[in-house]
Amino acid sequence: MLEPHTLTDLQTPPHVITRGEGVRVWDAEGRSYLDGVAGLWCVTLGYSEPRLVRAATEQMAKLPFYGSFNHRTNDVALALADDLARVAPIPMGRTFFANSGSEANDSAVKFAWYYHQSLGRHHRTKILSHHRGYHGTTTAAGSATGLAHVHHGFGIPLPQFLRLHCPDPLSSCAHGLTEEQFVDWLVRRLEDLIADEGPDTIAAFIAEPILGAGGLIIPPAGYYHRVQEVLARHDILFIADEVITGFGRTGSLFATTEFDLRPDMITLAKGLSSAYLPISAVMVGERVCAALAEGAQRFHAFGHGFTYSGHPVAAAVARETLAIVRERDIPGHVRATAPTLANALDKFRGADLVRDVRAYGLLGAVEFDPAAAGLGPGQLGPRLLDAAADHGLLLRAMGDTVVFAPPLISTPAEIETMVERLADAHEQVLTEHRAGQGTRER
Ligand code: PLP
């Protein structure tokens, strides 16, 4: 996703990356960086996994393409669907393949609409999502995304997309409340919204177990349990967007298991192929599958799919990725390594210009406070990114929150070095600020 500041900065040439190895990348100038965000939260197995290259090459030679349209498919897509069914966190009916997280989420929203239409509930068209949730940029996924810069100038969100409060324990709504009271408050707002809109107008709720691009927001304990109870009572489908959290990021293969969720659909991308090739998936629960099949009889069609759905080369890479994730117990490695990230980031607590520190699995964030530096919202994050790059570390900033999502194969030593480099960047920004020179624009 283009960050807002890059959108207004089309004059500056982009930073060009030309090579990668392990958790490191090199740019066109030959400078090397530790990649603290695994590309875009996605290169889970690092940049030089020979087995993925081999899987792609062999499949390319055997069958470079056959799609999944008109009751025809390819053997690799079928095998990948079986692989996913075997590891699915809850019993799933079938898997639909697409090419990006946005396409997967657009598809899941359409499946929710089709599900209700199949059952004759023609008024169930509204989709709920979180303010600051990120689900992609295509028309429906972008409408579900709760970040204004994704909407500006594009005429989205579409009107039937409704927003829930962000379950951010640091938000002003949570001020002075215990975690439990904050959950009560959020659930009451959800109940109120459903009552105001009418439960029979709402098709689905789509949410990330941990909100990524909204600034790494870890919802309060028990939040999704309470939400699921409300959704189930009103027959509103729950779509878990596991595009970031899927395949080990939280320390479980799926965050659905980690947080004991019961979604009707799970969307996956990024770590599905360690980003070596574009592929995404919607795992569809049995109840929804049955209704879709009934609907297909009734409407004499299920007119959804993409030319590259289940592309055999991408599917072969995804199969090999999943095999590696399981053989090397990547979720176990994440559980073992997560304390290193959390402890290293803890050193930022209470430091100058720091508002909060968060970590879960191999996700971490330092939220900086631009006001403390006399800057406006969103002005400090990009400075830290630039300074981090100067120190040989690539990160992402969501506003003023700097996020870590390193490759899941990162060693404790690599993670410590990444965080040390952020500490150096922080020191540099502090020095500039103290010297009154902190006005450099990105
Ligand atoms: N969902 C989540 C949680 C994401 O983080 C992203 C991308 O970062 C998407 C969906 C969209 O994925 P894509 O950029 O592949 O369309």
Equivalent ellipsoid semi-axes for the chain, as square roots of 5 times the alpha carbon gyration tensor eigenvalues: give them largest first, rounded to whole Å.
-> 35, 28, 19
Neighbour-count order for 72, 189, fewest beta carbons within 10 angstrom listed first = 72, 189
Hey, rough spin-label estimate for residue 32 and residue 154, points 7 angstrom out along Cα→Cβ, what's it come to in nanometres?
-> 3.7 nm
By average Cβ neighbour count within 10 Å, what is the ranking of 86-97, 212-223, 190-201 from highest down?
-> 212-223, 86-97, 190-201
Give the peptides 374-384, 57-67 in descending order of average Cβ contacts within 10 Å, highest first.
-> 374-384, 57-67
Estimated vicinal HN-Hα couplings, Hz - the stretch 207-222 in sequence order (Karplus 6.51, -1.76, 1.60; Gly, Pro = x) | 8, 8, x, 10, 6, x, 5, x, x, 6, 9, 9, x, x, 4, x
Gyration tensor (alpha-carbon) shape descriptor, the stretch 216-308, a/c threshold 1.5 | oblate
Which percent, nearest 5, of DSSP beta bridges in the chain are antiparallel?
-> 65 percent
Based on the mean of other beta carbon atoms within 10 Å per residue, what is the order of 41-48, 25-32, most packed first?
-> 41-48, 25-32
Is it possible to state the helix-based mean residue ellipticity at 222 nm for the chain, with each DSSP H run of 4+ residues giving -39500 (n - 2.57), the sum divided by total residues, to the nearest 500 deg cm²/dmol? What is it?
-> -12500 deg cm²/dmol
In sequence order, what are the phi-derived ³J(HN,Hα) couplings for the stretch 103-118 according to the Karplus relation 6.51 cos²θ - 1.76 cosθ + 1.60 with θ = phi - 60°, rounded to whole Hz, with x for glycine and proline?
-> 4, 5, 6, 4, 5, 4, 5, 5, 5, 5, 5, 5, 4, 5, 4, 4
Residue 327 versus residue 234, label points 7 Å from Cα toward the beta carbon: distance in nm?
-> 4.7 nm
Distance between modelled label sites at residue 352 and residue 78, nm, 7 Å Cα→Cβ extension = 6.5 nm
Stretched out fully, how many nm does the piece from residue 427 to residue 48 gain, at 0.36 nm a residue minus the Cα gap?
-> 133.2 nm
Assign one of three labels to the stretch 138-210, namely rounded, prolate or oblate, based on the Cα gyration tensor with a ≥ b ≥ c the square roots of its eigenvalues; rounded applies when a/c is under 1.5, prolate when it is not and a/b is larger than b/c, and oblate otherwise.
-> oblate
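Each reported figure results from applying straightforward, stated rules to the coordinates on display, with no laboratory input. A quick note: this is a predicted structure, and the numbers were derived from the prediction, not measured. For neighbour counting, all protein chains shown are included, and Cβ atoms are generated from backbone atoms with ideal geometry for every residue, glycine included.
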